[in-house]
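Worksheet: one structure, shown below.
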Ligand SMILES: *Cc1c(COP(=O)(O)O)cnc(C)c1O
């Protein structure tokens, strides 16, 4: 028997996986505005928040001081199953575009949820279990968050009740079955199972639902059932904290090869993947150690950063959640029915909203046909069929790379490829059949939603 020498380490102890999450709020001069009690308009206390959220997560939500928060070993063990996620140089895309730009993407789609959402789902399920809870409730739109949470709950043996936006429930039966495979119960929202659902159905019979409605229902069920708490897949500070694992790994990998990005691009729905991807880079920027262009990309049919206002607003349609100060289109805003590209939440993470308001990052909006063109271009050369959400970032990465072609600049572009699009083939089909159009809300429409924002003095 020959003695084979293995020239590499089989067990990666020293990879780029972080042992702590990074909390960008610690380095922000202007902290994100606090959540307000919807009744009194006073900042939510930890006690009030703990009626809805798990205690450890409340502590993370309110923590504007600690820059690093240790990732519990149990969560790191789970992360090890699919992390570090690949940071890929898009050589084939560069070649196809004939650009001098260097393009990298951080791919978060290599788990069953098909997106980055598992990074926070596993953390939230862990803290729920640690608190001795029976289960958690949540909403899901396209289904990635519901899937991620179902996976995390089954891992920690927790009950998982998902309210799924009714149109998605009907259009995406496979997503629903994935969640049920992991043991979750899935209810189409709005439903007759909650008071707020009944009210919404009375006011809008036949509605296909919205994220805002589903959030209200999930919160109601969590508050009414002992041993349950509500968990949310984006927008909240705690979710951005968990997602910092994306940025920390990206930075560690780039640092290993001495690569300094010129710009970092990510799609923005509620802001969690982008917030996570940029966090260590933004930290350097905030501390004056480095500078980067940071670009949020949103759909022109749901343009919270580029056409919303920075104001306190409800996070949900039923107005049961705390108020958050954020770039918002108004809590009643629902993108036009033809919108197939995801990223349909009316508001934006308070952390990113503050950073954007302080001029520390940029935002652009892109129409969905241009997004699907970029998706297809990417799929054909890079071997990954991207989620429509992620393809917003691809669109702008390609646009920036093409600008480099004109100027001859060798810029380094990093973008977040948040997930795969296998469950989005109805949207791809619409695009291929020429049935997709770019409905963009008018100023009048947006003004009507804005007029309904709560008045906070
Ligand atoms: C949920 C989701 C998004 C948008 O959510 P953020 O909180 O803005 O990151 C983007 N891409 C994919 C694949 C998603 O599932």
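One quarter of the surface of the convex hull around the alpha-carbon atoms of the chain equals 23.6 nm², the direction-averaged projected area. When the Cα atoms of the range 118-199 are aligned to their principal axes, the ranges along those axes come out at 34, 28, 18 Å in descending order. Extension gain for residue 309-residue 255 works out to 15.8 nm (0.36 nm per residue, less the C-alpha to C-alpha distance). Extending 7 Å from Cα along the Cβ direction at residue 362 and again at residue 192 yields two label points whose distance is 5.3 nm.
Once the C-beta distance of residue 199 and residue 37 is scaled by a Förster radius of 22 Å, the resulting FRET efficiency is 0.55 to the nearest 0.05. Summarising the label geometry, the points placed 7 Å from Cα in the beta-carbon direction at residue 410 and residue 455 lie 6.0 nm from one another. The spacing between the range 72-140 and the range 278-301, judged by their C-alpha centroids, is 19 Å. When each of the peptides 359-372, 340-353 is scored by the mean number of other C-beta atoms lying within 10 Å of its residues, the order from highest to lowest reads 340-353, 359-372.
Taking a ≥ b ≥ c as the square roots of the eigenvalues of the Cα gyration tensor, an a/c ratio of 1.5 or more together with a/b no larger than b/c marks the range 359-457 as oblate. The distance linking the range 387-413 with the range 176-218 is 38 Å (Cα centroid to Cα centroid, whole angstrom). Checking the a/c ratio against 1.5 first, then a/b against b/c, what shape does the Cα gyration tensor give for the range 331-393? Oblate. A viscosity of 0.692 mPa s and a temperature of 37 °C, combined with the Kirkwood radius over C-alpha pairs in the Stokes-Einstein formula, give the range 1-152 a diffusion coefficient of 173 µm²/s.
The DSSP beta bridges internal to the chain are antiparallel in roughly 35% of cases.
Which shape class, rounded, prolate or oblate, goes with the range 187-313 when its Cα gyration tensor gives a ≥ b ≥ c as root eigenvalues, a/c under 1.5 marks rounded, and past that a/b bigger than b/c marks prolate? Since a/c reaches 1.5 and a/b is larger than b/c, the shape of the range 187-313 is classed as prolate. Here each label is just a point 7 Å from Cα along the line to Cβ, and for residue 77 and residue 437 those points are 5.5 nm apart.
Our estimate of slack between residue 98 and residue 225, defined as 0.36 nm per intervening residue step minus the Cα-Cα distance, is 40.0 nm.
Throughout, read-outs are computed from the coordinates displayed, never taken from laboratory work. Remember, predicted model here, so these are calculated numbers, not experimental data. Note that we place each Cβ from the backbone using ideal geometry, even for glycine, and neighbour counts take in every protein chain shown.
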